[in-house]
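**Student:** This structure is in structure tokens; I'll ask about it shortly.
The values are calculated or read from the model by the stated rules, or taken from the named source; none is laboratory data. Because the structure is predicted, anything quoted here is derived from the model rather than measured. Because the Cβ atoms are built from the backbone with ideal geometry, glycine has one as well, and the counts that use them run over all protein chains shown.
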Amino acid sequence: MTGDLPAIDGGEPALSEPIGYGGQSIGEEEKVAICEALESDYVTRGPRVDEFEDRLAEFVGVDHAIATTSGTTALQLAGDAIDLGPGDEIITTPLTFVATAYPACHTGATPVLADIDTETRTIDPDAVRDAITEDTRALVPMHYGGHPCDVDELLSIADTHDLTVIWDACHAFGTTLEGNQVGSEPDMATFSFHPVKNITTGEGGAVVTDDDELADRLRALRSFDMNYEPEGHEEEPWYQVTEGVGYNYNITDIQAALGLEQIDKVESFKRRRQEIMAQYDQAFEEVPGLRTPVVKDGVDPMFHLYAVEIVEDEFGCSRTKFVNAMHAENIYVQVHYVPLHYHPFFQEEYGYERGQFPETEAVYDRIVSLPLYPAMSDDEVDSIIHAIHRLHNTRR
Ligand SMILES: Cc1ncc(COP(=O)(O)O)c(C=O)c1O
């Protein structure tokens, strides 16, 4: 008889089938739309991509959206579009996925890291101010988990120092700040449509901007830096010339068909994410040592991650033990992220070391993302809550 023991102590796992921290919701509408795209003339970039970009721009409230193959390539294009290069610096957060630094890493610029505000786990504007040098060209703040950074402060710093802002909004599609969609702020924002994100196109991403020149540059770079209508060749419809080294980061009409259906569902996805967040918030209110995510005034969040912090002395076990205990329950929680300065590449290439960013490191030691995605059932949410309560009860 195992009683109500955590699975790691020999009890029954809370879930009979494993679940991860995120996942897509794809319905019949998406399947029909994808089949229609397959039967159309375009299986590469075609009219559905144009429509998807229009819908994205309209949704975010900007003039332009440029769809790309991923959030990673969106960030890379953004760095290229402002001609970053060796000798330039960008300032970004250590608590992020490696791709946030790619506007620098891919162009030869240097990613300068600035510590986080532990409340929102986003870059701390004071740390940004301290990191500015005469070589700083851009800020790349990341809206951790879907909660916006301190947008006003960061825009004011950018304004004072004449810096471009590339918002990594890969987690935050659908979040609003003071009624505006996150991503609508100057100069550019990037989104990811990976299946764990707030909407999906399989793989995919986008850069959004109000800046016409940047939009032209991003579009050209996405497709081979090709000028399809060069001056002086009006009588030669075949005449296309490349004006630099670009990429093929085109998404397909098949992906756009999926994306268009997903945009239609974004409000219902948001409601479901918020419902699950509210269930978690309520269930963990009284659990000592389990810190739930903060939502600041003015924010209507579409959280991609529900990242809690486990304070060992109060909860009764460490974050690492918590993760392993949840995995034993078939609940595949995840840690976001191993800080950038812990990675061998950032240490060897840019000279970072452990110990440099104490706030990030303290949060990293405590943080863990619980499952959060619209397709989760109430039973799954209840089982996760139950598993966490019983772990705490046996460890306190
Ligand atoms: C903060 C952040 N930026 C960028 C990316 C890259 O997005 P993608 O997976 O679409 O390349 C990710 C992916 O997880 C991310 O979490």
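**Student:** Surrounded by fewer than 21 Cβ atoms within 10 Å (Cβ to Cβ), farther than 21 Å from D83 by Cβ and within 16 Å of the ligand (Cβ to nearest atom): does that describe E235?
**Tutor:** Against the criterion (surrounded by fewer than 21 Cβ atoms within 10 Å (Cβ to Cβ), farther than 21 Å from D83 by Cβ and within 16 Å of the ligand (Cβ to nearest atom)), E235 does not qualify.
**Student:** Can you confirm whether V295 is modelled with pLDDT of 95 or more and either within 16 Å of the ligand (Cβ to nearest atom) or assigned by TED's automatic domain parsing to the domain that holds F59 (or both)?
**Tutor:** No.
**Student:** With the requirement that a residue be within 16 Å of the ligand (Cβ to nearest atom) and farther than 28 Å from T107 by Cα, what does the stretch 28-82 give you?
**Tutor:** The answer is F52, and nothing else.
**Student:** Would you mind listing the strands (runs of 3 or more DSSP E) fully within the stretch 95-200 where at least 1 residues are more than 23 Å from I66 (Cα to Cα) and either away from the ligand (no atom under 12 Å from the Cβ) or not hydrophobic (A, V, I, L, M, F, W, C) (or both)?
**Tutor:** So the answer is 110-113, 136-140.
**Student:** Consider only pairs whose beta carbons are under 9 Å apart and that are at least six residues apart or on different chains; among these, list those whose first residue lies in the stretch 86-112 and is on the phi < 0 side of the Ramachandran plot and whose second residue is basic (K, R).
**Tutor:** Note: pairs meeting the criteria are D88/R137; E89/R137; I90/R137; T93/R121; L95/R121; A109/R137.
**Student:** Continuing with the same structure: Consider T69 carefully, then state whether it is at pLDDT 95 or above, in contact with a Leu (Cβ under 9 Å, 6 or more places away or on another chain) and more than 26 Å from G179 (Cβ to Cβ).
**Tutor:** no
**Student:** Moving on. What are the residue pairs meeting all of these: first residue in the stretch 205-226, first residue free of Cβ contacts under 8 Å to residues at least 24 places away in the same chain and within 14 Å of D83 (Cβ to Cβ), second residue assigned to a loop (DSSP other than H, G, I, E, B) and not charged (D, E, K, R), Cβ atoms under 8 Å, and 6 or more apart or on different chains?
**Tutor:** D225/G244; D225/V245; D225/G246
**Student:** Considering only the stretch 372-396, state which residues are farther than 20 Å from H304 by Cβ and assigned to a loop (DSSP other than H, G, I, E, B).
**Tutor:** Matches in the stretch 372-396: R396 only.
**Student:** Let me ask another. Check off (1) within 16 Å of the ligand (Cβ to nearest atom); (2) charged (D, E, K, R); (3) not in a loop (DSSP other than H, G, I, E, B) for E213 and give me the number that stays unchecked.
**Tutor:** Condition not satisfied by E213: (1).
**Student:** Next up: Can you tell me which residue in the stretch 83-94 is nearest to the ligand (Cβ to nearest atom), limited to those that are buried (at least 23 other Cβ atoms within 10 Å of the Cβ) and assigned to a loop (DSSP other than H, G, I, E, B)?
**Tutor:** T93
**Student:** So, in the stretch 319-351, exactly how many residues are part of a loop (DSSP other than H, G, I, E, B) and either touching a residue at least 24 places away in the same chain (Cβ under 8 Å) or under 20 Å from the mean Cα position of the chain (by Cα) (or both)?
**Tutor:** So the answer is 9.
**Student:** Counting just the residues of the stretch 135-170 that are among the acidic types (D, E) and within 12 Å of P125 (Cα to Cα), which one comes out surrounded by the most Cβ atoms within 10 Å (Cβ to Cβ)?
**Tutor:** D150
**Student:** What's the number of the only condition in (1) assigned by TED's automatic domain parsing to the domain that holds Y337; (2) within 27 Å of Y42 (Cβ to Cβ) that N248 fails to meet?
**Tutor:** Looking at each condition in turn, N248 falls short on (1).
**Student:** Next up: Can you tell me which residue within the stretch 370-396, out of those that are touching a helix residue (DSSP H, G or I) at 6+ places or on another chain (Cβ under 8 Å) and hydroxyl-bearing (S, T, Y), is surrounded by the fewest Cβ atoms within 10 Å (Cβ to Cβ)?
**Tutor:** In this case the residue turns out to be T394.
**Student:** Do you know which of the residues in the stretch 201-210 that are in a loop (DSSP other than H, G, I, E, B) and surrounded by 24 or more Cβ atoms within 10 Å (Cβ to Cβ) is nearest to the ligand (Cβ to nearest atom)?
**Tutor:** Of everything passing the filter in the stretch 201-210, G204 is nearest to the ligand (Cβ to nearest atom).
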